[in-house]
1. The conditions are (1) touching a Ser or Thr at 6+ places or on another chain (Cβ under 9 Å); (2) closer than 30 Å to Glu64 by Cα; (3) buried (at least 21 other Cβ atoms within 10 Å of the Cβ), and Asp169 fails exactly one of them. Which is it?
2. Name the residues in segment 301-323 that are within 13 Å of Ala127 (Cα to Cα) and aromatic (Phe, Trp, Tyr), would you?
3. Tell me which residues, restricted to segment 233-263, are more than 23 Å from the chain's Cα centre (by Cα) and closer than 30 Å to His125 by Cβ.
4. Could you please find all residues in segment 48-102 being free of Cβ contacts under 8 Å to residues at least 60 places away in the same chain, closer than 30 Å to Pro236 by Cα and in a loop (DSSP other than H, G, I, E, B)?
5. Being surrounded by 17 or more Cβ atoms within 10 Å (Cβ to Cβ), under 22 Å from Ser268 (Cβ atoms) and in contact with a strand residue (DSSP E or B) (Cβ under 8 Å, 6 or more places away or on another chain) is true for just one of Leu155, Leu187, Leu138. Which residue is that?
6. Go through segment 177-198 and report how many residues are over 12 Å from Val167 (Cβ atoms), among the β-branched types (Val, Ile, Thr) and either without any contact (Cβ under 8 Å) to a residue 40 or more places away in the chain or assigned to a helix (DSSP H, G or I) (or both).
Amino acid sequence: MAPTVQHYKMITMDLIKELHFMDNDYKLDDDKTFENNNTLLRKDTTDDINSDANFDIVKYEAMEFKSRIKWPDLLAQTSLHLVTIYGAYLILTNTVKFLTIIFAFGTIYTSGFGITAGVHRLWSHRAYKARLPFRILLAILFTITGQKDIYTWALDHRVHHKYSETVADPHDVRRGFWFAHVGWLVLTPHPAVEDRRVALRKISTDLMDDPVVRLQRQFFIPLFILLNVMLPIVIPMYFWEETLLNSFVVSFVTRFTVTLNIAFCVNSFAHLCGNKPYDRFIKSVENSMVSLAALGEGWHNYHHVFPWDYRTSELGRLNLSTKFIDFFAKIGWAYDLKAATPSMILKKVNRSGDGSFHGMEEPDPTSSINCKATD
């Protein structure tokens, strides 16, 4: 039995309807005070601009559009990857100190929880609630990764889920592996993406109502310089006398680039290479290698079927981020963990899975019965 059974909020179909935070029918009530980052959005009919009712996806799909290269972004990505190749050379030739290598890769996986447990499961999907100290910790870890600010990342991810595999998807996998992996960052976005970003910005007020998100966005540049650049360079130099060049190349650039590519793999490999036990009609797949690298984020077929499940996978799968959240749930920093019931999972498997489902790897946390798919 999972250690946080007492914190589970098992999902019903009524709650699923409530959790559609990306619908344009919701807005925060003006008279409500902010309690946490999971405040539900309320009804608003005063502003139909950029609403779903006015959004014609067919028109956008039929539109002739050719992306332009964003040269500053392309130059930045090219430079990062070229320096990282040199960083790999330094590592393979034992030119850099062993402690620097350990520090760089340790930072990659430690800060990664800021993406997986933080900006993804907490702020993008509101799959659980977190108390202030935990949100501050997650914000710090996420800032170390250097992947934009929480608000921008979460907003784009909400657009991705609501309009997945359409021209409104920021990293539409239908445009190929390289576009989904990194091309979407160095090419101008489709007009449909821009339209949906504006639309969801109006209904994602829960993000900026969290003071942690607001402050991290306001001070992102100095925080980025301090946490993603300066400290990773200075720490190896100060504590074990690494050279400035080696520290810059390995502890900053190589670490930063590897972190980016692990996240990119969720957009590319986890939408192309793997099986589909829950829904064979979508592109996202189950990819164990991506899950190993991305702390559990590669069980992507499950995640796109049940995006509000804090585990992003079934219990028992290799998912370090779930264990991470479970730990903080045990000490009371995380609570209201939302999870799909086995019956919901099995119904989806039997209805639309590709036949590769092999049964639950752990019992239902609310029952002693280990449910399995039926023929």
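Each reported figure results from applying straightforward, stated rules to the coordinates on display, with no laboratory input. Because the structure is a prediction, the values reported are computed rather than measured. Methodologically, a virtual Cβ is constructed for each residue, glycine included, from the backbone with ideal geometry; neighbour enumeration extends over all protein chains shown.
1. (1)
2. Across segment 301-323, the qualifying residues are Phe306, Trp308, Tyr310.
3. none
4. Thr93, Asn94, listed by residue number.
5. When all the criteria are applied, what remains is Leu187.
6. 3
Yes/no per residue for (1) β-branched (Val, Ile, Thr); (2) buried (at least 20 other Cβ atoms within 10 Å of the Cβ); (3) in contact with a strand residue (DSSP E or B) (Cβ under 7 Å, 6 or more places away or on another chain):
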| position | (1), (2), (3) |
| --- | --- |
| Leu226 | no, no, no |
| Leu231 | no, no, no |
| Tyr238 | no, no, no |
| Glu241 | no, no, no |
| Phe248 | no, no, no |
| Ser251 | no, yes, no |
| Phe256 | no, yes, no |
| Asn261 | no, no, no |
| Val266 | yes, yes, no |
